[in-house]
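> Input: one structure, supplied below.
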Amino acid sequence: MKYTTFEEFCHAADSLTNLEKRTSNYSVREYRLDRMKALLDHIGNPERDYQTIHLAGSKGKGSTASFIANALLAVNLKTGLYMSPHLIDYRERFTLGGSFIEDKILVDAANIFTSLIQGFTFSDDSGFSKPTTFEVYTSYAFFLFKYIGCDIAVIETGLGGRLDATNIITPILSIITPIELEHTAILGNTLEKIAYEKSKIIKQHVPVCISRQKNVVREVLEKEAAHMNSHLYDLMVEVESIATRTTHECEVVDITWVHGTTTHLKLKLRGEVNGENSALALLALKISGYYKEGISEKAIEETTLVGRMQLINDTPPLIIDGAHTQESLRHLMNSVEQLYSESPKIVIFGALEDKDHIHMIRLLLPTFSHIIVSRPGTFKKSNIESLFNLIRDEIEKEHSSVSLYMEQDASLALSLALSLSKGVYPIITTGSFYLAGDILNAYNEMNEILEEKLCP
């Protein structure tokens, strides 16, 4: 079959075993690297034709990767950026430093790639198996970046690290962002187990850069780095302090390095968490040898990213954010309070089944007067009735003034939020990138309908 649109290729890939949809039932036979290695051998190992930077972690991967990719573009390096998941458009996964690649190029590359893998088979003692959806997307990304002539690519892991399909590369630098309890059914139910999985992106003699980590996590990462003879750069050792303040225009960041200099940034990508992410990106650029004073900072300041404290409407303020861990949500709440401390606030909240619901709920309750529970898409498993009941129980304990609602459909949840806002009160969507994407879609559809009514 020859594809005429990129969506056709993506739908074909999605029809394979799609482990991105899993929240449980981990199987080593499905999460593996030998099949991925065989697939890349089959298509000529395109990932070896350019340099790579590899990122793992529980939060901050997307923002940090985008900062780095934009800074690499600014020094005239053709830079691929591979990320997941996408919010509303498959093309978000495969970009040139965050900018969409021309559709014709994506389709042409998809057709050539598909012809290359047409005859691929893999078998072992367990029998024959086909590549998974994520393996196909990852190998396509590697092929695409070679096809368009990239000098370097920034690659984000999909899940974990050790058996992630991206972990076939040998990068010039590995980066590990903050690690939290997540995907516990797959990665393990302790920080140490999760850190072990993610630490396995550290390669022999390849430097690794880590962000702020809990002590038990840092110990795992330090042990793996020593085992792999990898020089470990700890951001918290390299900086004296990071001060950040969220304003309506930007994120104001001051990074004081241990050698005494201070970097002043005004980030378009707002959110308290991006103070640390931007510092990590700068450190990574310095370690990799691609830092250019002034140019790197400017590129980081100009970076934008869908679904990261993104203001999509001014009146009332409507913000979508994919925070889905306790720490990322805590940073988001701090930024929201800086912007709208005096105002009643509304949240549209949904979280996947494998997230830390109770701690996330306890962060939301002191901040919002209205909580609307909504379904975080259908891509992965969630139980919003259970989530609703959990929030209701917490409200009854000590937050009786909070009003609680449930609207499974994103469009209905958004309509309810707009009604409650009275055209003034801020609305925040959080808990899942899938929910953020659904609310963004609902908002765009709502605007299209309005425009049709105004301009028939």
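> Based on the mean of other Cβ atoms within 10 Å per residue, sort peptides 157-164, 34-41 so the most packed one is first. Let's see the in-between values first.
Values: 157-164: 21.8, 34-41: 16.8.
Ranking, from highest mean packing down: 157-164, 34-41.
> Let me ask something additional. Just the number, please: carbon plus sulfur as a percent of the accessible area of the chain, 1.4 Å probe, no ligands or DNA/RNA counted.
50
> Can you give the Kirkwood hydrodynamic radius of the range 262-373 from its Cα pairs, in Å with one decimal?
With all distinct Cα pairs of the range 262-373 included, I get 15.7 Å.
> Let me ask something else. Residue 412 versus residue 304, label points 7 Å from Cα toward the beta carbon: distance in nm?
According to this spin-label approximation, the distance is 3.3 nm.
> Right, something else. Which aspartates and glutamates, if any, have their Cα less than 19 Å from the Cα of residue 104, not counting same-chain residues under 8 positions apart?
7, 8, 89, 92
> Filter 193/355; 146/200; 214/345; 200/355 down to the pairs with a C-alpha to C-alpha distance above 28 Å, please. Don't skip to the answer; put the middle values down first.
Working: 193/355 16 Å; 146/200 25 Å; 214/345 31 Å; 200/355 23 Å.
Violating the 28 Å limit, Cα to Cα: 214/345.
> Please figure out what share of the DSSP beta bridges in the range 198-341 is antiparallel and state it in percent, rounded to the nearest 5.
Values: 16 of 19 bridges.
The antiparallel fraction comes to roughly 85 percent.
> On a straight-distance basis, which aspartates and glutamates could pair with residue 37 in a cross-link, Cα separation under 14 angstrom, same-chain partners fewer than 8 positions away excluded?
Qualifying aspartates and glutamates at Cα under 14 Å: 47, 124, 135, 164.
> In addition: For residue 318, what residues show an amide H to amide H distance below 5 Å, using hydrogens built from the backbone and excluding near sequence neighbours?
Sorted by chain and number, the residues that satisfy this are 312, 313, 427.
> Within straight cross-link reach of residue 422, meaning Cα distance under 17 Å, which aspartates and glutamates are found once same-chain residues fewer than 8 apart are removed?
Excluding near neighbours in sequence, the set is 314, 342.
> Quick check on packing: order 274-281, 123-130, 315-322 by the mean number of other C-beta atoms within 10 Å, highest mean leading.
Working: 274-281: 27.6, 123-130: 9.6, 315-322: 21.4.
Packing proxy ranking, top to bottom: 274-281, 315-322, 123-130.
> Semi-axes of the equivalent ellipsoid for the range 320-417, please: Cα gyration tensor eigenvalues, times 5, square-rooted, ordered largest first, whole Å. Intermediate values should be presented prior to the final figure.
Numbers: eigenvalues 72, 45, 42 Å².
Output for the range 320-417: semi-axes of 19, 15, 14 Å.
> Taking only Cα atoms of the range 166-216, what ratio of Rg to Rh do you get with Rh as the Kirkwood inverse-distance radius? Present the calculation step by step, with values, prior to reporting the outcome.
Numbers: Rg = 11.5 Å, Rh = 11.8 Å.
So for the range 166-216, dividing Rg by the Kirkwood Rh gives 0.98.
> For the chain, what is the Kirkwood hydrodynamic radius in Å, using each pair of distinct C-alpha atoms?
Numbers: mean 1/r = 0.0439 Å⁻¹.
22.8 Å is the Kirkwood radius here.
> Please list 213-220, 145-152 highest first by mean number of surrounding beta-carbon atoms within 10 Å per residue. Provide the component values of the computation, followed by the final result.
Numbers: 213-220: 16.2, 145-152: 19.4.
Listed from highest to lowest mean packing, they are 145-152, 213-220.
The values are calculated or read from the model by the stated rules, or taken from the named source; none is laboratory data. Quick caveat: nothing in here was measured; it's all calculated off a predicted structure. Neighbour counts run over all protein chains shown; Cβ positions are idealised from the backbone, glycine included. For the accessible areas, the whole protein counts, side chains as well, though only heavy atoms, and no ligand, DNA or RNA atoms are used. Shrake-Rupley method; radii C 1.70, N 1.55, O 1.52, S 1.80 Å.
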